[in-house]
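Visitor: Have a look at this one.
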Amino acid sequence: MSARPEAQAAAPLAFQPDESLETFSDMLARSIVGKAGKDWRTELWPTLAELGAFAALAPEERGGYGGAHTAAIACRVLAQAGIVSPFAISAATVARALAQIDRADERLGTIVRSLEDSAAVATIALHEEDALPSLLDPKSVLVRDAGGYRLTARKRMVAFGAEADWMLVPVRSAAGGTGIALIERAKAMGALKPCTLIDGTPAADLELTEYPLREADVLATGEEARRLLLWMADAFAAAQCAESVGAMRALVNTTAEYLGTRKQFGQPLSANQALRHRFVDMEIMLAKAETMATVAAAAVDAEDADDRRRIVATARYIVTRSAWKVSQEALQMHGAIGMANETPLGRYFKRLLALSLWFGDEDASLNAAFA
Amino acid sequence: MKMTIGTLGGTMKGLFTPEEQAFREEVRAFVRENLPPDVAERLKSGSHPVPLRSDVQRWTEILHKRGWAAYPWPKEYGGPGFTPVERYIFEDECAMAGAPELVPFGLKMVGPVIMKYGSDHQKAYFLPRIVRLEHFWCQGYSEPGSGSDLASLRTRAVLKGDRYVVDGQKVWTTSAHEADWIFCLVRTSTEGKPQNGITFLLIDLRTPGITIRPIITIDGRHEINEVWFENVEVPVENRVGEEGKGWTYAKYLLEHERLNFGGMGFCKRELARLHEMARTTMRGGKRVIDDPLFRTRLAALEAELATIDLTNLRFLREAQAGRQSALHAPVLKIMSSEMQQAISELQLRALGTTALPFMPSDAATNRPHQYAAENYCNMRKTTIYAGSNEIQRNIAAKGLLG
Ligand SMILES: Cc1cc2nc3c(=O)[nH]c(=O)nc-3n(C[C@H](O)[C@H](O)[C@H](O)COP(=O)(O)OP(=O)(O)OC[C@H]3O[C@@H](n4cnc5c(N)ncnc54)[C@H](O)[C@@H]3O)c2cc1C
C-alpha cells in the first residue's frame, strides 16, 4: 500500500493535525527501521519511492502534496532514525528548485522527472573557502567561450558530491552576474575529491579549471538565478531544521530511557532531581525547536523572499541553539557511555553538530534574521 | 584584538613575588630552549588531545636532566619541592608553550598514594620508575556498573597464599593500551558497608589473564579501554596499605586529582589557538575575529577564563597559607572543565563548516583544519571524568547545605 498523501488543493495549515500526513509519517518511520548506516541508494531509496515520499514533493499539478511541509516530515523521521541521506538536499531542495524553472528544455524536464521519481539524485555546491555558503557572490567564474562557457570553480565539501548524479554550482560571470551551472557527475569524476564529514555525511571538494560547458548547462542567470539560490538556501535550511528536530527527539527519548534504567547509588538516575529538571529543560528546548522548524517549512512555500529569509533564519536560530544544548545535555547525562562511538548517541550528537554549522552557528542565523 | 588573558601570563603587577616572577622567566627560557619543536607542533595542531607516549617520554627525559620530571613531588622523593604557586607557574609555562602534559596517573595519582600509604619497598621500587616514566600508569577504578557510585565496584580479589587472584572488569581506562601498570580498586569483602571491603592493588599489566580492548570515543580516537581480569595473580606485596582500606586511599587520591585539575595552561594554549582560528577563517567575507557577535563571545570567554585563572591562583595562595576550604576542589574542577568545553565550543563556532571534514588525511582544501570538531567532541569528557560535575556539585552542596 502506498502511504502517498492524496492530491488535494491546498497544503495543510502549519500546526493543524493532518491525518494523511500522520499516516505518511507513521508508515515512513516503520519502514525505515534498521536502515541507519546502510547504503541509502539500495536500502532506503526504493522504500521512500514506494511510500511516495519523492512524488509527494512534486508540484501539485503533478500530484504532489504539502510541499516543504511534507519534506520536513520526511526529513524529521529520517533523522530521528539516524539516517544520513541526500533526501534533504536532493528531494527537498534541488529537485523542487529545478521544477520551478519555467523553460522549454527537454533535458531539464527529464532531469526533474528523474529526481521526482527517485531515479536520480542532485546536490548543490554551497561552500567555497568561506565558512558560510557562497551563493550570490561565489569566486567560481563562468567565462563565455565560442559555443558555450568555461567554468573555473573551487567548491568545498559538497554534500554527496561524489554520489549525486547532478550538481548545481553557483557561479558568477566575468561581469559579476549570478548564475547556476549544472555539472554531470559522470563527466566530472576526476574533479571530485571525496571526504567524510564528522557526522558521516559523504562529501566532496570540486575543483574545475576552464571546464567546458554548453549553453544549456547554465540553468539560470541574473535575477532568476538569485531567486532560485535564495529559495534553495531557505528550503535546505528548513529541511535541516526538521532533521535537527528528528535527531533531538531521538536524543531526548534515549536520555529518558537511560535515566530510567541506569542505576547508581541503588536508584535510577531519574530519581535525582538535579537531572529531572535538566531533562525537562531539554524537552522545552525541543518543543521550541519543533514549533520553529514547522514554521520554517511553512514559510518556504508561502512567503516572499524577504519574509521567508527572516522566518527561516529566526527558526534556525532557535533550532540551532536548542541543538547545541540538547546534544550536550544528552551526552552528559549518559556519563562515559555517551563518549563511546559504538552507541547511536554519539552519531546523533555529531549529526546535530554538523547540522548546526552548515549555515553558520546560531549567531549567523541571528544576523541573517535581522539583516 | 588583544588577548586579555595574555596580561595574566605573569605580567600583571601585584600577583606574583619577584622570586616567582624570576622563576617564571627561568621556566619559560628553559622550555623555549629545550622543548622539541615537533612535539609542540603536534599539540598545537590539535591532532592529539592526549599526547603520544613517545612525546611524553622525550619531554620527561629532558625535564629529568633539569630535575623537574617529578615537578609535583617533594624533594625527598626526587621532586624539586615546588610551592603550590611555583607548580602552577610551571604547568602554565609548559602548557602554553605546547609541552605535553606528563602522565598524571603516576605523578599525580598513584605516586602520592604510595608516598603516603605505600611500604618502603613500594616507595623504593615504584617512585623512581614513575619519575623517569619507566612505568607508565593507568587508573582502574570505574566499572560498567560502578561509575559515580564507585563504592559499589565488583571486581573481586581473593587472597590465596601470598597472592591475590583478581577477576572482573574495569572500563573507560585511559591509556591502558600504552601503560605498563594499573592501580586498581578491588573488592576483597562483601561484608558490611561497601566502602569497607575495598582494597588498593598495584598490578603489572603484563600479568597473564589481563585483556585490554580499545574503546573508540566519538571523536574517532583511541584513548580509553576496557580492561578484563581473569584469574590474574597479584603478589600480596603489591597491595597498598591494609586490606579493606582501599577506599580511604582512593579518597585521598581523588582529592589530589581534583585539586590538580587546574588545567589553566591548557586553556590558555587553546585560547591562543582559538584566536588563530578566528583570524584565519572567513565568515561572510569577513574574518571571523571581526564579526561583532563573535567578538562579544570571545571577550566574554576571556573574561571568564581570566577570572577562573585568578580564582585558581587565589585558592593556591590560601592553601599555601593553610586556609584550605572543602569547596576549593569541587569548584576548581567544575570551573576548569566547563571552561575547557567553552573554549572548544567557540573554536568550533569560529571554524564553522571548515571544521566539518572528519580527520582529513589530505586537508589541502581545508586548511587550517585544527581538529576543532573532533576536539569539541573529545572535550565533552571533562565534565564526566574525575568525578562528574553533577557529583562535584553534590559534594559542594553537602559541604554548604549539609
Ligand atoms: C574519556 C574518559 C576517560 C576516563 N578515564 C578513566 C580512567 O582512566 N579510569 C577510571 O577509573 N575511570 C575513567 N573514566 C570514568 C569516569 O570516572 C566515569 O565516567 C565517571 O565516574 C562517571 O561514571 P559513569 O560514566 O558510569 O556515569 P554514571 O555514574 O552512570 O552517571 C551518569 C550521569 O548521571 C549523573 N549522576 C550520577 N549520579 C548522580 C547523582 N547522585 N546526582 C546527580 N547526577 C548524578 C552523572 O553525573 C552523569 O551525568 C573516564 C571517563 C571518560 C569519559
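Visitor: Identify, among A:319, A:91, A:67, the residue whose Cα sits farthest towards the positive end of the charge dipole of chain A, taking +1 on the Cβ of Lys and Arg and -1 on the Cβ of Asp and Glu, with the dipole about the Cα centre.
Guide: So the residue we want is A:319.
Visitor: So how much slack lies between residue A:267 and residue A:60, counting 0.36 nm per residue of separation and subtracting their Cα-Cα distance, in nm?
Guide: 69.0 nm
Visitor: Can you tally the net charge around residue A:110? Count Lys and Arg as +1, Asp and Glu as -1, for every other residue whose Cβ sits under 15 Å from the Cβ of residue A:110.
Guide: -3
Visitor: Another question about this same structure. Determine the residues within the stretch A:129-171 where the difference in accessible area between the chain on its own and the full set of protein chains amounts to at least 50 Å²; count protein heavy atoms only and use a 1.4 Å probe.
Guide: Listed in order, they are A:130, A:131, A:156.
Visitor: What stretch of chain B, leaving out the sites themselves, is the longest with no GluC sites (Glu not before Pro) in a DSSP loop having at most 15 other Cβ atoms within 10 Å?
Guide: B:243-402
Visitor: Hey, how many Å between the Cα centroid of the stretch A:124-195 and the Cα centroid of the stretch B:377-402?
Guide: Centre-to-centre (Cα) distance: 49 Å.
Visitor: Another question, if that's okay. Which of these, B:210, B:89, B:343, has the largest mean-square fluctuation under a Gaussian network model of chain B (Cα springs below 10 Å)?
Guide: B:210
Visitor: Report the FRET efficiency, 1/(1 + (r/R0)^6), for residue B:151 and residue B:299, where r is their Cβ-Cβ distance and R0 is 51 Å, rounded to 0.05.
Guide: Calculated value: 0.70.
Visitor: Hey, another quick one. For the cross-link pairs B:75/B:123; B:116/B:381; B:13/B:65; A:325/B:381, which exceed 21 Å when the distance is taken from alpha carbon to alpha carbon?
Guide: B:116/B:381; B:13/B:65
Visitor: Considering only protein heavy atoms and a 1.4 Å probe, what is the carbon-and-sulfur percentage of the accessible area of the protein assembly as shown?
Guide: The C+S portion of the solvent-accessible surface of the protein assembly as shown is 53 percent.
Visitor: Suppose we keep just the DSSP beta bridges with both residues in the protein assembly as shown; what percent of those would be antiparallel, to 5?
Guide: 85
Visitor: Under 17 Å Cα-Cα from residue A:155, which lysines qualify once same-chain neighbours fewer than 8 residues away are excluded?
Guide: In chain and number order, the partners are A:139, A:187, A:193.
Visitor: If you don't mind, another one. Would you mind working out the accessible area per residue for the protein assembly as shown, using a 1.4 Å probe, and quoting it in Å²?
Guide: 41
Visitor: Under unit Cβ charges (Lys, Arg +1; Asp, Glu -1), what dipole magnitude, rounded to 20 debye, does the stretch A:307-371 have relative to its Cα centre?
Guide: Dipole size: approximately 220 debye.
Visitor: Placing unit charges on C-beta atoms (Lys and Arg positive, Asp and Glu negative, everything else neutral), compute the dipole magnitude of the protein assembly as shown about its Cα centre in debye, rounded to 20.
Guide: Dipole of the protein assembly as shown, to the nearest 20 debye: 1720 debye.
Visitor: Continuing with this model, one more query. Which value, in debye to the nearest 20, gives the size of the charge dipole of the stretch B:137-245 about its Cα centre, when Lys and Arg are +1 and Asp and Glu are -1 at the Cβ?
Guide: Magnitude of the dipole: close to 220 debye.
Visitor: For the stretch A:35-82 and the stretch B:261-289, what is the separation of their C-alpha centers, rounded to whole Å?
Guide: Between the Cα centre of the stretch A:35-82 and that of the stretch B:261-289, the gap is 40 Å.
Visitor: Hey, if you put +1 on the Cβ of every Lys and Arg and -1 on every Asp and Glu Cβ in the protein assembly as shown, which of B:121, A:112, A:170 ends up farthest toward the positive end of that dipole?
Guide: B:121
Visitor: Another question, if that's okay. For the pairing of chain A with chain B, what total accessible surface becomes buried, with a 1.4 angstrom probe, in square angstrom to the nearest 100?
Guide: Between A and B, the summed buried area is about 3800 Å².
Visitor: Please build a GNM for chain A, connecting alpha carbons under 10 Å apart, and tell me which residue among A:73, A:32, A:311 fluctuates the most.
Guide: Result: A:32 has the largest fluctuation of those listed.
The values are calculated or read from the model by the stated rules, or taken from the named source; none is laboratory data. Remember, it's a predicted structure, so these values are computed and weren't measured experimentally. Counting neighbours? That spans all protein chains shown, and the Cβs are built from the backbone with ideal geometry, glycine included. Accessible surface is based on the protein model in full, side chains and every heavy atom, while ligands, DNA and RNA are left aside. Shrake-Rupley method; radii C 1.70, N 1.55, O 1.52, S 1.80 Å.
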